[in-house]
Amino acid sequence: MSGGIAIVGAGYVGVPLAQVFAEAGHSVLLLDVDADRVERLNRGESYIEDVSSETLAQLVRDHGLRATTDYDELRERDAILIALPTPLSKQREPDLSIVRAAAAGIAKQLRPGHLVVLQSTTYPGTTRDCLLPILETSGLKAGTDFYLAFAPERVDPGNREWTTKNVTKVVGGVTPACTEAAAALYGSAIEAIHAVSSPEAAELTKLLENIFRSVNIALVNEIAQLCDRMGIDIWEVVDAAATKPFGFMHFEPGPGLGGHCIPIDPFYLTWKAREYDFTTRFIELAGEVNQNMPYFCRSLISQALNHGGEKSLKGSRVLVLGVAYKADIGDMRESPALKLIDLLRNAGSEVFYHDPHVPDLPAYGLSSVELDPAAYDCVTIVTAHSSIDYGRIVEEAPVVVDLRNATGKAGLASPKVWKL
């Protein structure tokens with residue numbers, strides 16, 4: 001594409017996507033409303049862990065990648081890819097206000113031949129029923145004057161094996177020609193493309209992927225709570241079941257769901273299903289189980305303090321070890337550690353945290369402390385970062401509550417350790 005590509009949204013999806021297209025030889029423009037982000041990108045300073053500053057600086061210097069806040073610059077680009085957040089409202093209903101605002105800005109710059117692709121996770125029908133009418137206020141017709149498609153992001157932050165480049169890209173356009181145009185664009189930079197018959201099919205594909213994980217994590221979380229009553233090690237059971245080479249997939253329990261996708265995306269389909277007089281019972285039940293896990297984990301910490309140190313939650317010094325939503329990254333989106341901190345504080349505990357990837361939690365008035373396990377009544381492993389010396393934790397802490405089986409995986413056994 002001679003005019004290059006514009007990516008609206010310079011976040012954890014947009015920046016890695018820009019890298020892939022720039023490295024494939026495309027001229028790439030990142031558009032974001034955050035002027036500070038734009039300035040940092042243009043200096044080659046990355047705030048996205050999956051793209052280093054060294055890599056970004058090279059893309060800016062050698063490949064012409066740049067960023068802007070100006071929607072007027074979209075007009076000269078051939079393709080416009082939308083990679084913006086799609087949160088839930090306080091009523092747990094889809095909030096597409098960010099995407100709608102961007103679509104309105106794009107519509108003012110739309111010209112014949114443009115390809116517009118939505119990547120933001122959403123409910124089936126968004127591309128056709130929400131995005132298309134806004135874009136057509138330009139006077140142009142989707143499928144005739146410009147191309148419109150949906151191609152869901154499938155980013156797994158921190159995953160070095162499966163990246164934007166080598167994870168198959170699913171695309172679905174509002175017409176076959178739209179699908180073909182989107183597939184051709186992504187095929188120029190991404191290793192494998194899977195075309196589906198419609199944007200609705202592509203939208204539901206992404207939701208199914210995340211619902212699958214949510215439901216299966218809820219299953220092992222529920223069994224973990226039963227195992228606690230039965231005196232059975234859930235981690236031993238899961239590992240044993242995983243030795244079966246067929247018919248079983250390994251999922252682990254934990255303190256709750258984190259990230260943008262799994263805690264939020266399933267409820268997009270729950271909301272949409274009501275339009276069809278349908279109740280998504282599995283999704284809602286999974287949500288209930290997973291949302292209850294921080295409460296269960298607080299109870300486990302209480303038991304450990306009572307039996308292991310003859311203390312109560314009130315007045316105890318509790319160190320939360322790891323607050324990012326997953327290991328070895330600093331992403332805090334929907335992290336279950338935040339809910340657990342709230343619950344512990346509400347119970348009267350003095351809460352501290354240590355996380356090598358998250359220096360501060362301004363909303364909580366906390367900063368990551370030096371790791372001194374002996375200084376606390378209980379150390380709770382919430383996120384199992386690989387850089388932590390768990391042998392030291394077990395040796396020095398009076399009580400350890402391990403919500404990730406980090407001690408078990410390290411071959412550490414001690415009566416001081418209470419596992420989920």
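The values are calculated or read from the model by the stated rules, or taken from the named source; none is laboratory data. Keep in mind that this is a model prediction, so the values were computed, not measured. Because the Cβ atoms are built from the backbone with ideal geometry, glycine has one as well, and the counts that use them run over all protein chains shown. In case anyone asks, the SASA skips ligands and DNA or RNA and just uses the protein heavy atoms, side chains included. Shrake-Rupley method; radii C 1.70, N 1.55, O 1.52, S 1.80 Å.
Using θ = phi - 60° in the Karplus curve 6.51 cos²θ - 1.76 cosθ + 1.60, the 3J(HN,Hα) couplings for the range 82-98 round to 9, 10, 10, x, 10, x, 9, 6, 4, 8, 6, 10, x, 10, 9, 4, 5 Hz; x is entered for Gly and Pro. In the range 1-156, inverting the average of 1/r over every pair of distinct C-alpha atoms gives 15.8 Å as the Kirkwood radius. Taking trypsin sites (Lys or Arg not before Pro) across the range 250-324, the ones in a DSSP loop with at most 14 further Cβ atoms lying within 10 angstrom of their Cβ are K314. Close amide-amide hydrogen proximity is noted between Y353 and V320, V369, each under 5 Å apart and 5 or more residues distant or on a separate chain (H modeled in the peptide plane; Pro and chain starts excluded).
Against the empirical 2.2 N^0.38 Å (N residues), the range 118-179 has a Cα radius of gyration ratio of 1.32.
Gaussian network model of the chain, Cα springs within a sub-10 Å range: biggest mean-square fluctuation belongs to which of S188, S387, S316? Of S188, S387, S316, the Gaussian network model singles out S387 as fluctuating most. Solvent-accessible area per residue in the range 115-158 equals 30 Å², computed with a 1.4 angstrom probe and all protein chains kept. Scanning residues 5 or more positions from V170 or on other chains, those with amide H under 5 Å from its amide H are H194, with H placed 1.01 Å from N in the peptide plane. If you look at the Cα atoms of the range 264-407, you get an Rg and a Dmax of 17.0, 57 Å. Using C-alpha pairs under 8 Å with a sequence gap of at least 6, the mean separation divided by the residue count of the chain gives a relative contact order of 10 percent.
For the range 291-420, the per residue solvent-accessible surface stands at 42 Å², with DNA, RNA and ligands left out and a 1.4 Å probe. Which one, K409, K108, K244, has the greatest fluctuation when you compute a Gaussian network model over the chain with C-alpha springs under 10 angstrom? Of the options given, K244 has the highest mean-square fluctuation.
Is the range 327-407 best put as rounded, prolate or oblate by its Cα gyration tensor, with a ≥ b ≥ c the root eigenvalues, rounded for a/c under 1.5, and otherwise prolate when a/b is larger than b/c, oblate when not? In terms of gyration-tensor shape, oblate. Remark on T121: its backbone amide H falls under 5 Å from those of E153, a criterion applied only to residues 5 or more positions apart or on other chains, H modelled at 1.01 Å from N. Normalised by residue number, the volume inside the convex hull of the Cα atoms of the range 1-81 is 72 Å³ per residue.
Expressed as a whole percent, the accessible area of the range 268-420 that falls on carbon and sulfur atoms is 50 (1.4 Å probe). Over the range 69-227, what is the relative contact order in percent, taking alpha-carbon pairs closer than 8 angstrom and at least six residues apart? Taking the mean separation of contacting Cα pairs over the length of the range 69-227, I get 20 percent. Just Y276, Y71, Y325 to compare: in a GNM of the chain, with alpha carbon springs under 10 Å, which one fluctuates most? Of Y276, Y71, Y325, the most mobile in the Gaussian network model is Y276.
The chain has equivalent-ellipsoid semi-axes of 43, 24, 19 Å, by the square roots of 5 times the alpha carbon gyration tensor eigenvalues, sorted largest first. Applying both filters, DSSP loop and at most 10 other Cβ atoms within 10 Å, to the trypsin sites (Lys or Arg not before Pro) of the range 132-183 gives R160. Note that the range 159-234 presents 49 Å² accessible area per residue, ligands and nucleic acids not counted, probe 1.4 Å. Applying both filters, DSSP loop and at most 15 other Cβ atoms within 10 Å, to the GluC sites (Glu not before Pro) of the range 290-359 gives E310.
With all protein chains in place and a 1.4 Å probe, the accessible surface of the range 60-118 carries 47 percent carbon and sulfur.
Taking a straight line from the alpha carbon of K314, these lysines sit under 25 Å away, with near neighbours fewer than eight places off in the same chain left out: K339, K416, K419.
Helices in the chain, meaning DSSP H runs of at least 4 residues, each add -39500 (n - 2.57). Divided by all residues, the mean residue ellipticity at 222 nm is -11500 deg cm²/dmol.
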